[in-house]
Amino acid sequence: MIKGHVALVTGAGSGLGAATARHLASLGATVACIDLTEGAAAAVAADIGGLALGADVSDAAAVEAAFDRLLEKLGVPRVVVSCAGIGTAARILPRDGSLTIGAFERTLRVNLLGTYTVMSVAARAIAAAEPLDGDGARGVIINTASIAYEDGQIGQAAYSASKGGVASMTLPASRELARFGIRVMTIAPGLFETSMSAGLPDDVRAEILKAVPFPSRMGDANEFARLVQCIVENPMLNGSVIRLDAAARMPIK
Ligand SMILES: CCCCCCCCCCCCC[C@H](O)CC(=O)SCCNC(=O)CCNC(=O)[C@H](O)C(C)(C)COP(=O)(O)OP(=O)(O)OC[C@H]1O[C@@H](n2cnc3c(N)ncnc32)[C@H](O)[C@@H]1OP(=O)(O)O
Ligand SMILES: NC(=O)c1ccc[n+]([C@@H]2O[C@H](COP(=O)([O-])OP(=O)(O)OC[C@H]3O[C@@H](n4cnc5c(N)ncnc54)[C@H](O)[C@@H]3O)[C@@H](O)[C@H]2O)c1
């Protein structure tokens, strides 16, 4: 389902998405790279001979338009990996008495609604495609949560809620899409070295790394990409959330 097929990666302009796009291309896939703007996806797409597409995943019309272009240029993707997302840090009750409802809404729109939107648009196209094997497999959708969906720190109520939603969607989505030969899996990474985690204050990062048993380090984006490959290549992986975290359990803050 990789070599000689089309794959779609969102958030492909950076970090885990970029590593995944590159890895799938190295395995022989033609990869469509979605990011906020076509320009943000362009460098990775150019490097791998893929297609750069610009779309805010929280904007359904933009996702549908980008997908229409993907179908026109490359055809139906059989592997869809949603990495697009934002990290949000905001207390429910900051000291200044402000309300952080806007941050909550934006976080849920991008991380949860955006993931659902991409999954919906992709599933509609994949379900109409020819089955690829004796099982009747047509494709696999891999979404990205975070260990924060279970170990959320102070200031991660919005982020953890968004990732908890992504994790909770996994089983019902896999149950529903099974009839179309589409598998749905979720990866919940621990702390990985990317632009997003670079935004963490050093003291926060240090405290988290103390709680990472082995290997006690930040993950490499290629280690995420290799799990994507494993999921695609093992048809018995369906409806599950895999923590990719070196046994980390995050501290309160
Ligand atoms: C300014 C920092 C921006 C950080 C950007 C981070 C971007 C997101 C990065 C994500 C990385 C990858 C994510 C991935 O999925 C893996 C992970 O999840 S790794 C874990 C990531 N962890 C976080 O993102 C932590 C998020 N939380 C925070 O960063 C902070 O909690 C905060 C929201 C920025 C607030 O910082 P504080 O240091 O707590 O500063 P405060 O000013 O809020 O508080 C200081 C002090 O005052 C006390 N206090 C606060 N509010 C009140 C109140 N309403 N009444 C009374 N007292 C209050 C508070 O208790 C503090 O004291 P202390 O906590 O020391 O007792
Ligand atoms: N880095 C980590 O430690 C870590 C850990 C757990 C989970 N995650 C999750 O992994 C995913 C990838 O994160 P990353 O670390 O590679 O971050 P990153 O910031 O390096 O990459 C995220 C990419 O998504 C894009 N993006 C953001 N909002 C978008 C939107 N609305 N529409 C389209 N594209 C959008 C960004 O432009 C960026 O290119 C995110 O969902 C993040 O929550 C990251």
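Readers should treat all values here as calculations from the given coordinates under stated rules, not as data from a laboratory. Not measured: the values here are computed from a predicted model. Here Cβ is always computed from backbone atoms with ideal geometry, including for glycine, and neighbour counts include all displayed protein chains.
Computed values, structure above
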read-out: Top-ranked residue in the stretch 117-170 [being part of a strand (DSSP E or B) and within 21 Å of GLY181 (Cβ to Cβ); ranked as farthest from the chain's Cα centre (by Cα)]; value: GLY139
read-out: Wholly within the stretch 15-110, helices (runs of 4 or more DSSP H) carrying at least 1 residues that are within 26 Å of GLN229 (Cβ to Cβ); value: 15-26, 38-48, 60-73
read-out: The stretch 104-147 - residue that is surrounded by fewer than 19 Cβ atoms within 10 Å (Cβ to Cβ) and among the small types (Gly, Ala, Ser) and, of those, nearest to VAL6 (Cα to Cα); value: ALA129
read-out: Residue in the stretch 204-253 that is nearest to PRO172 (Cα to Cα), counting only those that are basic (Lys, Arg) and over 15 Å from the mean Cα position of the chain (by Cα); value: ARG249
read-out: Top-ranked residue in the stretch 179-233 [being within 20 Å of GLY15 (Cα to Cα) and of a type in the set (D, E, K, R); ranked as surrounded by the fewest Cβ atoms within 10 Å (Cβ to Cβ)]; value: ASP202
read-out: Meets criteria (in contact with a Lys or Arg (Cβ under 6 Å, 6 or more places away or on another chain) and touching a residue at least 40 places away in the same chain (Cβ under 8 Å)) for SER82; value: no
